[in-house]
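Each remark here refers to the structure printed beneath this line.
Rule-based calculations on the coordinates, nothing more; no lab input. Keep in mind that this is a model prediction, so the values were computed, not measured. Please note: Cβ atoms are built from the backbone with ideal geometry, for glycine as well, and neighbour counts cover all protein chains shown.
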Amino acid sequence: MTAAPPTAGPALAEPVDRVGRGWTAALSLANGAIWAGWYGPLQILLASQAEEFAPGSGMSKETMLAWVTGVGAVVSLVANPLFGALSDRTTSRHGRRTPWIVAGAAGGALSLLALAAADGVWTMALGWCLAQLTLNAAFAAVTAAVPDRVPRLQRGSVGGWLGAAQVLGVVGGTGLATAAGGVGAGYAACAVFSLVGVLPYVWKYADLRLPAADRPAWSWRGFLAGFWLSPRRHPDLGWAWLTRFLMNLSNALVLLYLLYYLRDRLHHADPDEGVLILTAVNGVTLLATVVVGGVWSDRVGRRKPFVLWSGVLMAVATGALAVWQTWPGAIVAAAVLGVGFGVFTSVDFALMTDVLPRALDRGKDLGVINVANALPQVTAPALAAPIVTHLGGYPALYAIAAAIGLAGALLVVRIKGVD
């Protein structure tokens, strides 16, 4: 990362003071609230609506769900780097990141309430696109706060706590969607939590302000050109991005049809409850490793071995789903995936912040990096639907997902500027 010049203000300086537990806990809660707003719909509510709206629409429930989530992911692809770049340029007295966290969380809550009132595929797709747009505004600002405030050798541990909050958000969103007693109530519960969860951070912790003099002159050409980060000029960033993309694509292929896999392949008596159980098992094992992996990485000052071996472990677990298609097999795979993804989540986040080009563009650059989280949500439906329907069903789907994840893990060795 290019250090800020000596004359730069606090917002652009390389952080040196360690952040406290309260700051980390509040930011982690905000992160978890955003993920609950995403994954309550993704795990349960959108699938339930697709099943309701599909008859008579000319689409299967699988195709409808893939189409809606894919369109929403396209919105996410644009929204995350866009709002990251806008937050980089924000000179509000409340700081660069806080205004976008508040606005994004409030907009996300309203979008989820709109989804609750959807009466067909078009209103469902519109509501999900709005939810992706607004929640990504909040998420871009939350992630950018880490390189703004956290020194390098604390980012693994902070990334671990953010990863733990992400898992709890996924489990919490799934739990709220399941326990609320209906689609509308599930959306309302996720909406409330996604808004309330960000309030402790924005109320208690002042953000760093960017002086107007430090904001670069505006031009459309310069603004749009800034979203291209040349892999030739920044090869480590390019390899890190590709590693994250492939690992997340593998994970997205596993999760996309999980409800239908339990219902149609394993014939689980209560597939909604089965999704919640698998999510909880995955979350418990992930929580057991996500913070430990980040702290361990900080202490030894190394990132790549953790990313490599966690990816290999995840590929083995995903491959097991292809050959051991039973309910006990699904539980074991969920547990092992959690172990691997826990280490990957914290250390990969620290790795990404280590390869950012310059302080002025942290939000935008992290937004571009976060495209590697959103793009798999577009790619996964396009791959998964024909595989399940025409190319071998769920065994083929999980075998391909394992191969993709393994490729991502191996590519991390191409990063040269980080141990």
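Values computed for the structure shown
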read-out: At R0 = 30 Å, FRET efficiency that the Cβ-Cβ distance of Ala217 and Ala103 yields, to 0.05; value: 0.75
read-out: Per DSSP, loop chymotrypsin sites (Phe, Trp or Tyr not before Pro) in the range 180-277 with at most 10 further Cβ within 10 Å; value: Trp218, Trp228
read-out: The chain: calculated mean residue ellipticity at 222 nm from DSSP helix runs of at least 4, using -39500 (n - 2.57); value: -25000 deg cm²/dmol
read-out: Chain lengthening between His267 and Met59 when straightened (0.36 nm per residue, less Cα-Cα); value: 72.6 nm
read-out: Selection from Ala384, Ala330, Leu366 lying farthest towards where the dipole of the range 299-419 points positive, charges on Cβ; value: Leu366
read-out: Förster radius 41 Å - calculated FRET efficiency between Val74 and Glu14, Cβ distance, rounded to 0.05; value: 0.75
read-out: Dipole of the chain, positive end: most advanced residue of Gly95, Gly40, Val291 [Cβ charges, Cα centre]; value: Gly95
read-out: Karplus-derived HN-Hα couplings along the range 22-27 (A = 6.51, B = -1.76, C = 1.60, θ = phi - 60°), whole Hz, x at Gly and Pro; value: x, 4, 4, 5, 5, 5
read-out: Full-extension gain in nm, Ala185 to Leu199, via 0.36 nm per residue minus C-alpha separation; value: 2.8 nm
read-out: Gain on full stretching of the segment that runs from Val292 to His390 - 0.36 nm per residue minus C-alpha separation; value: 31.1 nm
read-out: Integer Hz, Karplus 6.51/-1.76/1.60 couplings in order for the range 106-115, x for Gly and Pro; value: 5, x, x, 4, 5, 5, 5, 5, 5, 4
read-out: Two-site label geometry, Thr91 and Leu224: point separation in nm, points 7 Å out along Cα→Cβ; value: 2.5 nm
read-out: From phi via Karplus (6.51, -1.76, 1.60), per-residue ³J(HN,Hα) for the range 302-318 in Hz, x at Gly/Pro; value: 10, 10, 4, x, 5, 5, 4, 6, 5, x, 4, 5, 5, 5, 4, 5, 5
read-out: Lys, Arg +1 and Asp, Glu -1 on Cβ, resulting dipole of the range 118-209 about Cα centre, debye, nearest 20; value: 400 debye
read-out: Longest DSSP-loop-exposure-free segment, trypsin sites (Lys or Arg not before Pro), the chain, at most 11 other Cβ within 10 Å; value: 234-415
read-out: Electrostatic dipole magnitude of the chain [Cβ: Lys, Arg +1; Asp, Glu -1; Cα centre; debye, to 20]; value: 1400 debye
read-out: Cubic angstrom per residue, convex hull over Cα atoms of the range 17-125; value: 121 Å³
read-out: Residues Thr326 and Ala382, FRET efficiency given R0 of 30 Å [Cβ-Cβ distance, rounded to 0.05]; value: 0.55
read-out: Per-q log10 I(q)/I(0), the range 204-299, q = 0.21, 0.23, 0.25 Å⁻¹ (Debye; single scatterer per alpha-carbon; no solvent); value: -1.11, -1.17, -1.22
read-out: From the coordinates shown, semi-axes √(5λ) of the Cα gyration tensor in Å corresponds to which of (i) 57, 21, 20; (ii) 33, 24, 19; (iii) 36, 27, 18; value: (ii)
